[in-house]
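Participant: Let me give you the structure first, and then I'll get to my questions.
Bear in mind that the values in this text are calculations on the coordinates, not laboratory data. As the structure is a prediction and not an experimental result, all values here were calculated from the model. We place every Cβ from the backbone using ideal geometry, glycine too, and count neighbours over all the protein chains shown.
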Amino acid sequence: MLPPAPTCRRALQRQIYTPSDSVWISDEALNLVFQRFCAVSKTRKRYGSFVPGPLESRRRLGKRRMALQSDAAPTPAIGITALWGSFGGSLWEVDRTRWQWQPPTTRNTRTEEAPSALPKWLVEWGAAPEALPDPTTQTMSIPSTQSKAVPFKKETRSFRKALKLCSPEDMPQLCDDFNRKLTQTLSLGLHTEETLSYIIDLYFLDIRQAFSDSGQASQQCLALCQAMWDGISSNKVIRPSDLGGDTMRKFVAILSDIPMSERLQSLASNIFSTVSQTQLQEMHPSIARLVTSCVLSWQGEDAQYFDGSSLALAVQSVAEATRTVTSVENLTVSLKTSSRFGEDHQTFRQALQMAREAIVSSAESIEEAECTVTPHQRSIRALTATLGSLPPGILSAIVHQCSCHIPKHTNSTMETSAGSIQYSWLSLVVQLPNVDEKLLLETWRRFGAFLGQGPAADIILNKWISDSLFKRPALARVIFDVAASQRRHKDHSTLLYVIDGERENCWGKMRLLFRLLDKLKQHQSVYKTLLHLNKLGVRVPADIMDETLENMAIGDPLLAQKSFRLYRFMRYNGAPLRLERCPNFIFSMIDNPHISSSIIWKSLGIPLYESLPSHSLASIVSKKSGTQKPMSPATVEHFTRMATLFAHCDKRTQRVSFRNVMQCLFHLRKHNAPITADFTRAMVHAGITRKVSSDGWIAKERAEWLLELIERVEGTDVALTVHDIVVAWNQHVSERVSRRDKDRNVLGVGPID
């Protein structure tokens, strides 16, 4: 150690008075002085530690040993020698100032010390210094460290032997005593991981063989698991996260063989929340096996006890809500005839707020009571909370593995029981907070294919509640059940109708519902939901419908057009569809000859320009229509695509196709959008090519107008080429007509060529 600074030495001298008969400084005093020195020191950064190193520890150990030896010949503090001092220095008093410090030596080489009057155990207390043992000593010390676990191992062997020999009446008490000792041993750290593996591999098998009753054997196995975990979790030396992943995997595998109960679920939840992520990576096959065992236990009778307190609380809360509602009704009647309107109005507002709170509280109590009486509902809630605490990657692996194993076990069960398990598992998966959307959709396609709209609506409501999309979730659930029972029909439309009545952002949840049904490829369910919403009087805005129609048009264009016809009667306002949000749906209507082009343009909110007054149309053609909102490049491309589809649509006449292409041109010019070469090709196809295909005459005015547009967009060379084609074709048509007329004039009447 470095010598202490002079400032520290002076502070120590001022702090402690050293008498002539003592040279010992306690650690507490040195600690206090050192802290004071560090506080008043002018040095900005000073690092100190009171943890002694190996040399300092040996020095302090030798100092304490010499202090104990100095006290071996005690002398009275006040005696006769203190008055005269003639015999004090030679007979009774020990001169401690003459002691010289010597480094401690090993027991074999140290010199003989003077005999002490203290007991031998006190003199030798801590006197053995730390020395590096030789190899022979080190090899001999190994059995001594392992021998600490020998008594417990002997006790475990005696427990196994006693379990086989004792009577059935004494087995539970024997197991309880062993569990108590095991918990104590594990909590003190007197164990190794091999001991745990030894117990896991042999003891559970011995317990199942010893008890003839399988239920009692399962209870004792669960009690042994609980004792092991209590000892491991209370150990301050080795934490559960320090154990190997293989040991924890075996431990969870033992739990999966025990029948499911609330006590077992609580133990599993504690284990999963305590172990490390590395352990979870190795444990996830056993966790999946445990979860599968829990899910398969839902096909039997619910073993949970009936809790009457929750039902009584629900009845009491409903009565309180009824009382507050009656009070509001009475105040409403008295408010009409009251002369003190201001005071009564304030009282009415307070009563209304109390009634609202009482109704919400009663709904929560009803939901809790329903959770108690519904089979396995409490187990589903507990398992959802347990799996929700796992990391997303491990959770996805567990859900995927369980989804593959559950159908294998439910194929041999009854159809009703299998459907209940599939519904419960799907309801659990959708409520998990960290589940991947792709895995959720895969699970739904596997287990939700045989579900009706009623159970599917319940599952969707559970998902929205778990995602915290409701302000009053319990009230929404109760009203949904009541509305479904009154209508005798539970489906998606009833759910949206209830949400709309409760002012819980119906349109936002409608968008979420339609997106989910589209990802599940259930477009027919979307149409049925729209049909029932129309009967219930629920309106749909355009910003939801254009996205829904676009998704439906990709998979089923005819069903999308059918839904659009229905939407025309349930539109919320006059807002048109947005072409950039539903281009494929608009393109599908162009190919359908049963949908007139006027309906297409009306759905987009675009007027028919040919029906406008001549001066308005002239301003559009001359690009003097004023300031308009500019189009995005994507929208320009969509209108070009519409013109191409109209031009090539053989199901519409050439005249109708060309008029719709002109409609696209007028709309682009109105917004000062650029005309591309693809657009001019569409116009050439609709105005020239289709005339050629039908052996028709190309009007001169139309040809000149098209050639002018082509020259501006594609250049003079292309325009000249088209002009030559038009001239040649019209000449061909003229010659053909002349030959036809000449063939018909058999008598040769008329002008002679």
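Participant: Apply 1/(1 + (r/R0)^6) to the Cβ-Cβ distance of Q173 and D246, taking R0 = 30 Å, and write down the FRET efficiency to the nearest 0.05. Walk me through the numbers before you get to the answer.
Facilitator: Details: r = 33 Å, r/R0 = 1.10.
Once the sixth-power term is evaluated, E becomes 0.35.
Participant: To continue, here is another question. Among 584-594, 198-208, what's the highest-first ranking by average C-beta atoms within 10 angstrom per residue?
Facilitator: Details: 584-594: 18.2, 198-208: 15.7.
Highest mean packing first, the order is 584-594, 198-208.
Participant: Indicate the gyration tensor shape class of region 173-219 (rounded, prolate or oblate), computed on the Cα atoms with a ≥ b ≥ c the square roots of the eigenvalues: a/c under 1.5 is rounded; otherwise a/b larger than b/c is prolate and the rest oblate. Intermediate values should be presented prior to the final figure.
Facilitator: On the way: a/c = 3.45, a/b = 1.67, b/c = 2.06.
It is oblate, given that a/c is not under 1.5 and a/b is not larger than b/c.
Participant: What is the sum of charges around S327, taking Lys and Arg as +1, Asp and Glu as -1, for the other residues whose C-beta is under 14 Å from the C-beta of S327? List each step's numbers first, then the result.
Facilitator: Numbers: positive: R323, R349, R356; negative: E320, E329, D344, E357.
In short, -1.
Participant: If you average the sequence gap of Cα pairs under 8 Å that are 6 or more apart and divide by the length of region 495-606, what percent do you get for the contact order? Present the calculation step by step, with values, prior to reporting the outcome.
Facilitator: Values: 110 pairs, mean separation 26.3, N = 112.
Reported as a whole number, the value is 23 percent.
Participant: How far apart, in nm, are two points set 7 Å out from the Cα along the Cα-to-Cβ line at D678 and at S738?
Facilitator: In this crude label model, D678 to S738 measures out at 4.3 nm.
Participant: Separate question: Filter K471/K509; K408/K438; K562/K670; K490/K535; K490/K562 down to the pairs with a C-alpha to C-alpha distance above 20 Å, please.
Facilitator: Numbers: K471/K509 13 Å; K408/K438 22 Å; K562/K670 32 Å; K490/K535 15 Å; K490/K562 24 Å.
From the list (K471/K509; K408/K438; K562/K670; K490/K535; K490/K562), the Cα-Cα distance tops 20 Å for K408/K438; K562/K670; K490/K562.
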